[in-house]
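**Student:** So that we are looking at the same thing, I have put the structure below in structure tokens.
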Amino acid sequence: MSLEEFQNALSAVIGPDSQSGWLERVFNEIDVSRDGYVEWEDLCSYLLQQCRERDHTSRPRGALLDTEPLIKHCSHNKQEPTICVVAVPHPPPLRYISVSKRGLLTVWNNRLQVLKTLELAGDPAEQGVNRRMFRGWTTDAVYLPKVHKVAIATSSRDLHFVDVSTASCFEDIHLFGFPNVPTSLCYWHDIKSPGGRSLLLWGDEKGGIHLLWFLQLQNGLFESPFTEDNVPQRIYMQDIGDHSRLVSYQHIPTVHQEPINRIIFEPHTDLIMTSSGSDASSVVIMHVSLRRKPYVWRINKGVTCFDFSRSLNLLVTGGLDPAVKLWNCFMTARPVAVLHGHGTTVLDVVIYQPLGQVLSYSKDAELRVWDISTNRCLRTVHLQFPCLQPGRAPEHGNFPFLLVAPPFLSQTPPHILVSCRDYLARLRLEKGGRGEEQGGGGRQCHGAPLSCALYNPTLKQVIAGCDDSSVSVWDVETGRLRLKITSAHGEEEITCMVLDSSHRRLITGARNGTIKVWNLLNGLNLHKLEPVTLSDVTGVICLHDNQLLAVGWSQQVAQYDIKGAKDVFVRADMSWKSGQQHRADILVVDHCPALGVIATGSHDGEVIVWTLDTQRPLVRLRRATHSLVYVMHVCRTTPPVDSLLFLLRRGGDKHWRNTPILLSSQAGGIYWWSITGHTHTHGQFYAPGGEKECVLGLTSDQENNILVTGDTAGCVQVWDISQYALCITQEPSSSHPPLLQSWRAHEGAIVSVEVLVYTERLFFLSGSVDGTSRVWTGEGGHVGSFGQEPQWSLADPAPHHTSRDQVNNLAEEEKEEREKKIESESDPSQSSEVTGQTSDLFRGGPGSPEEWIYEGLVEEAPTPENQTEPVGTEESPAPSHAQHIRVSQCHQLYGGIQRKMAVRRERRRVFGDINVNKLFPIGGLCTPFQALAVQDCQQVFLPEDLPISPWMQRQTLSCVSEAGLSSLQLSINSSEQEQEAT
């Protein structure tokens, strides 16, 4: 069937109310070959794919995101197991405190890097050397957020309180003299009243429960300072009555026949839940007032762990019997479900409510994820701790599991920590609920920072690539997720994306040099392109005949032919005639089909325009450079090329081909280049609203009437370029084009902007490293973020209720400053002054526009006189002025924003061109002298933190071989010895 026959057939089945636009989109999705016809087999395959996709999305997903967790060694534990780990969110950022069996506390940051260690104080009653040494074993620890302390229970029948209100943790209170050893702790405080009560509970080795109510927290017990000899203040348990106005103590004896291993307090119903290894009283739920009859669970072999969910009315237990059991909290006779799968004792369980799942951990270091509704195991992860030995069960602490998730920490992605002996493992979790999982409006909707985003006008879809190697395909009309490809390049970041000529296939490039071709309709990987090097692929261009050109840190242009390729693996064609012309890493590339040229921009600020017919440079464009030496670093003032854009309408029209048609973005400046004709002029202006920002997103509409820029401050600017740089002058223009729109679109740097035309209306797409991609109206109104609830409808002619002012609140003084800058454009005397305030690139002196260099023609440019066929239309009026867009002001909320490419550029600057063969000429041996012999290190900088003496510097060049290393003189004079000692 053709499109018309397809529309008529479906309209007869569905009804006359079916929209032709929807039918056309379905036809385009079915027509994979893009020959204008669909067959019965294509329709059946499409329907089968949709059914499978719906079935896949309806299935529950495992909460775990990581297959390989982050594992760290607690070397300060001295091979003792970690009893438990507590999370300390205040003061920010998030910290973890692990408590070893011998009383050693280790403070970790969120990346599991050690910040500090602290040892519990000993008994001051002892004499001699052992007075301050802690003697005993720790049993449990709990964080007290109300007073910013960590309470640690020990086998010495006491509690140690460590102050964590500051970065320097210290122990300040020692509560001792308990009748029995506390084995499990729990803390609750009333978050609704600042001075309200709080409760510290613990179970002891005799099966009793202790309740310590704190009635007043501002002064008194928890404000006690150190004594003069830096020993924590000791409070005897029998002296608690002296603090009756501050605390109230209660003891409930003999609740269990064995030691209590878990205790939980439910504040909504004032219930205390405890567990033990006793068969007669495995789990007990009792009211705090003891006025009600307790619920007692009698489970064979007892219980080692349990968790409770009030919203789900669910109790989960684990024990020596390797089965996880689900119970109704008011039915003690038999479990609701029994989950079999573990082979050894279940040490810990936790209910992850956002996804309705249970996570369980067994003694053989096996982690399982269970779905509550289906009682199925969704995921099994065998944690490969280095301490594991075949045939031997690893040693664990009492509480090896910690779940860190909202509402406990609302600003931190959910994750879990698992301890095994003296090792810690961290695994990320899925965010729960559709709103939380995909962002819910303004929050992160992709789960990872975006690296690129583009619009598919044929299928009306937005495609976003993320740093976690995932690709998301969204329906632009509603914002609904149509397809998601996870682990597209393993664990490597996606660096670039492009559509093929049919808009049915997606080409992605990754940080490790791999390039893959995907079917956008079903997510299948069609081709894997041979990598040139193991470094970043920064740009891919698809020509009209499905010939691909790829560039990156290899500094070369690689060619691939995917037209009709049947093999999955496609080899690279490195026969680019002019070879390697760039002297630095290629960062961006763009294509102008009308002129048959491509442009590449590199890290050293050079732009090369190539002709596709001859595969040779046409022109080289570069700003003048000069060097500034700072101590031991050589800093080049020419910024890297962040983005390139061809104005295709001007390039395809012979009347405007001699005007600037190539735009480059460098350090926030937008530079206009002319590449054809006899007069080569250029213009420039600084686009961001604040200083020291970069423009990573650059695009224009089909008529080249407007220019849209997205900067690292998260702002989008819309410029009127319909008449800009059309008059060829001898001097470059430094004035701004009219600013039509400006608003704060994202919290992070914008990496991609696109212009969308839907139902003859203008929209803008922006993607940012803050993990969101959003759609905006032509007037700057916020349509929505992809993944939010509820979804939107672009076909609705009603104006969108969310204005950009709700996303970006402008300060009045910043508005006035921008107005002054725009008004000063008409005054030449003020123009240079205002422009000089925005960027050092446009001030007089080195780096000013007068120092721009045009290196001339390399070969004859493709002009209408020397082309065999005319390019563009014969008569075409000048681009018309953009309509129905009102002028607004841009702003900068804060400076110093984290830029997405900062880490990559620093790594590229230091290690980008290092030859590994020079570093390791003697097999696997590498010395500091060989590292210094690398050309980059000699000419660019010498690291300040590398201990190098003058003698070592003189011997550098001679010590690049094994013979030179053996003949190296090891004697130095006294002056050099003194210098090294200094």
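The values are calculated or read from the model by the stated rules, or taken from the named source; none is laboratory data. These numbers come from a predicted model, not from an experiment. When we count neighbours, we look across all protein chains shown, and the Cβ atoms used for this are built from the backbone with ideal geometry, even at glycine. Please note that ligands, DNA and RNA were not included when accessible areas were found on the heavy atoms of the full protein model with its side chains. Shrake-Rupley method; radii C 1.70, N 1.55, O 1.52, S 1.80 Å.
**Student:** How do 1, 237 rank by accessible surface area computed with a 1.4 Å probe, from largest to smallest? All intermediate terms of the calculation are to be shown ahead of the outcome.
**Tutor:** Working: 1 105, 237 20 Å².
These residues rank, largest area first, as 1, 237.
**Student:** State, in angstrom, two size descriptors of the stretch 262-333 derived from its alpha carbons: Rg to one decimal place and Dmax to the nearest whole number.
**Tutor:** Reported Rg and Dmax, both Å: 11.5, 35.
**Student:** Put a dot 7 Å past each Cα toward the Cβ at residue 616 and residue 290; how far apart are the dots in nm?
**Tutor:** Reported label-point gap for residue 290 and residue 616 is 9.9 nm.
**Student:** Here is a follow-up. Calculate, in whole percent, how much of the Cα-Cα pair population of the stretch 253-377 lies beyond 19 Å. Mind showing how you got there, number by number?
**Tutor:** Working: 3366 of 7750 pairs.
Taking all Cα-Cα pairs of the stretch 253-377, the fraction more than 19 Å apart is 43 percent.
**Student:** Moving on to the next point. Roughly to the nearest percent, how much of the accessible area of the stretch 742-802 is carbon and sulfur, given a 1.4 Å probe? Write down the numbers at each step before the final one.
**Tutor:** Numbers: 1050 of 2040 Å².
Summing carbon and sulfur atoms, their accessible area is 51 percent of the total for the stretch 742-802.
**Student:** Right, something else. Can you order the peptides 557-563, 685-691 by their average number of other Cβ atoms within 10 Å per residue, highest first?
**Tutor:** Working: 557-563: 19.1, 685-691: 22.0.
Final packing ranking: 685-691, 557-563.
**Student:** Add +1 for every Lys or Arg and -1 for every Asp or Glu among the other residues with Cβ under 9 Å from the Cβ of residue 510, and state the total.
**Tutor:** Numbers: positive: 511, 516; negative: 492, 493, 536.
With Lys, Arg at +1 and Asp, Glu at -1, the neighbours total -1.
**Student:** Using the per-residue mean of other Cβ atoms lying within 10 Å as a proxy for protection, in what order, highest first, do the peptides 253-260, 47-54, 711-718 fall? Intermediate values should be presented prior to the final figure.
**Tutor:** Working: 253-260: 18.2, 47-54: 12.2, 711-718: 26.8.
Ranked from most to least packed, the peptides come out as 711-718, 253-260, 47-54.
**Student:** Just to make sure I understand: if all protein chains stay in place, what is the order of 42, 653, 35, 242 by accessible area at 1.4 Å, largest first?
**Tutor:** Largest accessible area first, the residues go 242, 35, 42, 653.
**Student:** Let me ask you something else. What net charge do the residues around residue 476 carry, taking every other residue with its C-beta under 13 Å from that of residue 476, with Lys and Arg at +1 and Asp and Glu at -1?
**Tutor:** Values: positive: 25, 460, 480, 482, 761, 774; negative: 475, 477, 754.
Spelling it out: positives minus negatives among the neighbours equals +3.
**Student:** Just check the stretch 572-612 against the gyration tensor rule for me: Cα atoms, a ≥ b ≥ c as the square roots of the eigenvalues, rounded for a/c under 1.5, and otherwise prolate or oblate depending on whether a/b exceeds b/c. Don't skip to the answer; put the middle values down first.
**Tutor:** Numbers: a/c = 2.03, a/b = 1.16, b/c = 1.75.
Oblate, because a/c is 1.5 or more while a/b does not exceed b/c.
**Student:** Quick one: check the C-alpha center-to-center distance for the stretch 35-99 versus the stretch 138-171, whole angstrom.
**Tutor:** Cα centres, the stretch 35-99 to the stretch 138-171: 32 Å.
**Student:** Run through every distinct alpha carbon pair of the stretch 489-573 and return the Kirkwood hydrodynamic radius in angstroms, one decimal place. Mind showing how you got there, number by number?
**Tutor:** Numbers: mean 1/r = 0.0800 Å⁻¹.
Kirkwood hydrodynamic radius for the stretch 489-573: 12.5 Å.
**Student:** If you don't mind, there's one more thing I want to ask. Taking all protein chains together and a probe of 1.4 Å, list 149, 692, 363, 325 from the most accessible to the least accessible.
**Tutor:** Numbers: 149 5, 692 160, 363 85, 325 40 Å².
Greatest to least solvent exposure: 692, 363, 325, 149.
**Student:** 5 Å is the cut-off here: which amide hydrogens, built 1.01 Å from N in the peptide plane, fall below it relative to residue 483, excluding neighbours closer than 5 in sequence?
**Tutor:** Close amide H contacts, sequence-distant or interchain: 473.
**Student:** Jot down the per residue volume, in cubic angstrom and as a whole number, of the convex hull over the alpha-carbon atoms of the stretch 642-757. Can you show the working numbers first?
**Tutor:** On the way: hull volume 10.9 nm³, N = 116.
Looking at the stretch 642-757, the number lands at 94 Å³ per residue.
**Student:** Using only the alpha carbons of the stretch 20-116, what is the convex hull's orientation-averaged projected area in square nanometres? Can you show the working numbers first?
**Tutor:** Working: hull surface 49.2 nm².
Averaged projected hull area, Cα only: 12.3 nm².
**Student:** What does the C-alpha gyration tensor say about the overall shape of the stretch 35-179? Classify as rounded when a/c is under 1.5, otherwise prolate if a/b is larger than b/c, or oblate. Write down the numbers at each step before the final one.
**Tutor:** Values: a/c = 3.68, a/b = 3.60, b/c = 1.02.
Verdict is prolate for the stretch 35-179.
**Student:** From zero outward in steps of 5 Å, how is the percent of C-alpha pairs of the stretch 713-797 spread across the bins?
**Tutor:** With 5 Å bins starting at 0, P(r) equals 3, 12, 21, 19, 17, 11, 8, 5, 2, 1, 0.
**Student:** Would you kindly calculate the translational diffusion coefficient of the stretch 323-393, applying Stokes-Einstein with the Kirkwood radius from alpha carbon pairs, for 25 °C and a viscosity of 0.890 mPa s, and quote it in µm² s⁻¹ without decimals? All intermediate terms of the calculation are to be shown ahead of the outcome.
**Tutor:** Numbers: Rh = 13.2 Å.
It diffuses with D of about 186 µm²/s by this estimate.
**Student:** Size of the stretch 368-431 along its principal axes in angstrom, Cα-based, largest extent first?
**Tutor:** Here the Cα extents, ordered largest to smallest, are 38, 29, 19 Å.
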